[in-house]
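To start, the structure itself, in structure tokens.
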Amino acid sequence: MPNLRFIINNAHDGTLLNATSNALPITNTQRSERVRVWRSTDTSQQVIDATLPTPTYLGAVVLYRHNLSSGSRVRLELFVDNDVIYDSGSVNISGLIPLGEFALGVDPWGATSTDSIPTQQAAFWMNALLATRYRITIDDPDNLDGYMEIGRIISGQVISPKFNASYGLQLEWQDAGEHRRTEGGSLRTVGEGLSRRLPIDLDWLDATDRARFTAAILKSGKNRDIYVSVLPEEGGIDEAEYAFLARRENNYAHTHNQFKNWRSQLIFLEV
């Protein structure tokens, strides 16, 4: 299984964008606020073109907070000028519950293994390729919402440590609801919303990884979004629960604990 992966510098935020239709503008995919989304005008085929300001190495493209149905199909193409250098083909991204696990009469028809996760996403991983633009083609004619929607698109180089995160990961789903007792003794809950908090212990960083993480983390600061995927390419709920867009909560630090080895802890809060 691949080690955890980070996209620390989101190249998509600097791209020039075009989309087939814009009920809500495609540039919203470059903004962090959850209420800012791209939305198509209908369910006809949608094509999103992203032109990079300079040739950039891409190791992943992620569609984040989308509403695509279980029957949708997505195609990702990477270009150098007009030459295609990567083509995913038209693939289903929904993660339908397989027939052997589908519970007839319990699971609704078309249910996916990630329905319980509030944030729907799809990640395209690839060996790093130098590209000048990329194109995303979406087919989802049966979308019950009557439109297609994507909150964020993430693209860029992938940073992955040589040695994986230590065991003991403690993922916390933070619930924004607060309980308050009324004068009559009833319990009321104020507010709602879920977000994730995840500390990651990197206890086996060699000199090369320490230098790479120091350069990338210090450049990003606390105010930039970082895509975290602890179980990339695992698929289903395992990958989805441990993959999210986040910002760093703690200060960056590392400890030279033994010969040619460093330790560091990164704590991420979902945006």
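The values are calculated or read from the model by the stated rules, or taken from the named source; none is laboratory data. Please read these numbers as outputs of a predicted model, since none were measured by experiment. Glycine gets a Cβ as well: all are built from the backbone with ideal geometry, and neighbour counts include every protein chain shown. Please note that ligands, DNA and RNA were not included when accessible areas were found on the heavy atoms of the full protein model with its side chains. Shrake-Rupley method; radii C 1.70, N 1.55, O 1.52, S 1.80 Å.
Name the shape class, rounded, prolate or oblate, that the alpha-carbon gyration tensor gives for segment 114-243, where a ≥ b ≥ c are the square roots of its eigenvalues, rounded holds for a/c under 1.5, and otherwise prolate holds if a/b is larger than b/c and oblate otherwise.
Working: a/c = 2.28, a/b = 1.29, b/c = 1.77.
The shape class here is oblate.
Ordering GLN46, ASN28, ASN143 by Cα displacement along the dipole of the chain toward the positive end leaves ASN28 in first place; charges were set at the Cβ atoms of Lys, Arg (+1) and Asp, Glu (-1). Note that segment 232-237 has calculated 3J(HN,Hα) couplings of x, 6, 6, x, x, 5 Hz, one per residue in order, obtained from phi through the Karplus relation 6.51 cos²θ - 1.76 cosθ + 1.60 (θ = phi - 60°); glycine and proline are x. Surface analysis of the chain yields an accessible area of 52 Å² per residue, using protein heavy atoms and a 1.4 Å probe. Our coupling estimate for segment 119-132, obtained by passing each phi through the Karplus curve with A = 6.51, B = -1.76, C = 1.60 and θ = phi - 60°, is 9, 8, 8, 9, 10, 9, 9, 7, 5, 4, 10, 7, 10, 10 Hz, Gly and Pro reported as x. Under 5 Å from the amide H of GLN120 lie the amide H atoms of ARG65, HIS66, each residue being 5 or more positions distant or on a separate chain, with H modelled from the backbone and absent for Pro and chain starts. Counting only DSSP H runs of at least 4 residues, each contributing -39500 (n - 2.57), and dividing by the residue count of the chain, the helix-based mean residue ellipticity at 222 nm comes to -2000 deg cm²/dmol.
Mind checking the dipole of the chain: about its Cα centre, +1 per Lys or Arg Cβ, -1 per Asp or Glu Cβ, Debye to the nearest 20?
Details: 26 positive and 33 negative charges, 240 e Å.
It works out to roughly 1160 debye.
Annotation: amide H of ILE200 within the under-5 Å range of LEU266, ILE267, PHE268, sequence separation 5 or more or interchain, hydrogens built in the peptide plane.
Just add up the charged neighbours of ASP203: K/R +1, D/E -1, any other residue whose Cβ is under 14 Å from the Cβ of ASP203. Spell out each step's value before the answer.
Working: positive: LYS162, ARG210, LYS260, ARG263; negative: ASP201, ASP206, ASP209.
So the surrounding residues net to +1.
In a simple Cβ point-charge model (Lys, Arg +1; Asp, Glu -1; nothing else charged), segment 145-271 has a dipole of about 760 debye relative to its Cα centre. Working note: Karplus 6.51/-1.76/1.60 with θ = phi - 60° gives segment 150-164 the couplings 9, x, 9, 10, 10, 8, x, 6, 9, 10, 9, x, 5, 10, 6 Hz, where Gly and Pro are set to x. Matching the structure-derived volume of the Cα convex hull per residue in Å³ against the labelled list [x] 175; [y] 245; [z] 140 gives the label [x]. Report Rg/Rh for segment 204-264, rounded to two decimals, where Rg is the Cα radius of gyration and Rh the Kirkwood radius. Reported Rg/Rh, Kirkwood definition of Rh: 1.04.
For VAL91, nonlocal amide neighbours, meaning residues 5 or more places apart or on other chains whose placed amide H falls under 5 Å from its own, are VAL74, ARG75. Sparse packing (at most 12 other Cβ atoms within 10 Å of the Cβ) combined with a DSSP loop state is found for the following GluC sites (Glu not before Pro) in segment 206-271: GLU233.
Are there chymotrypsin sites (Phe, Trp or Tyr not before Pro) in segment 156-259 that DSSP puts in a loop and that have at most 16 other Cβ atoms within 10 Å, and which ones? Walk me through the intermediate numbers first.
Numbers: sites: PHE163, TYR167, TRP173, TRP204, PHE213, TYR227, TYR242, PHE244, TYR252, PHE259; in loops: PHE163, TYR167, TYR242, TYR252, PHE259.
Sparse-neighbourhood loop chymotrypsin sites (Phe, Trp or Tyr not before Pro): PHE163, TYR167, TYR252, PHE259.
With the largest listed first and rounded to whole Å, the semi-axes of the equivalent ellipsoid of segment 129-177 from the Cα gyration tensor are 31, 25, 10. For segment 192-268, applying the loop criterion from DSSP together with a ceiling of 10 other beta carbons within 10 Å to the trypsin sites (Lys or Arg not before Pro) yields LYS260.
P(r) for segment 4-80: what percent of alpha-carbon pairs falls in each 5 Å bin, starting at zero? Percent of pairs per bin, in order: 3, 12, 24, 27, 20, 11, 3, 0. Label zone (VAL80, point 7 Å along Cα-to-C-beta; backbone nitrogen cut-off 13 Å) within segment 34-57: 55-57. The residues neighbouring VAL37, those whose beta-carbon lies less than 13 Å from its own, together hold a net charge of +3 under the Lys/Arg +1, Asp/Glu -1 convention.
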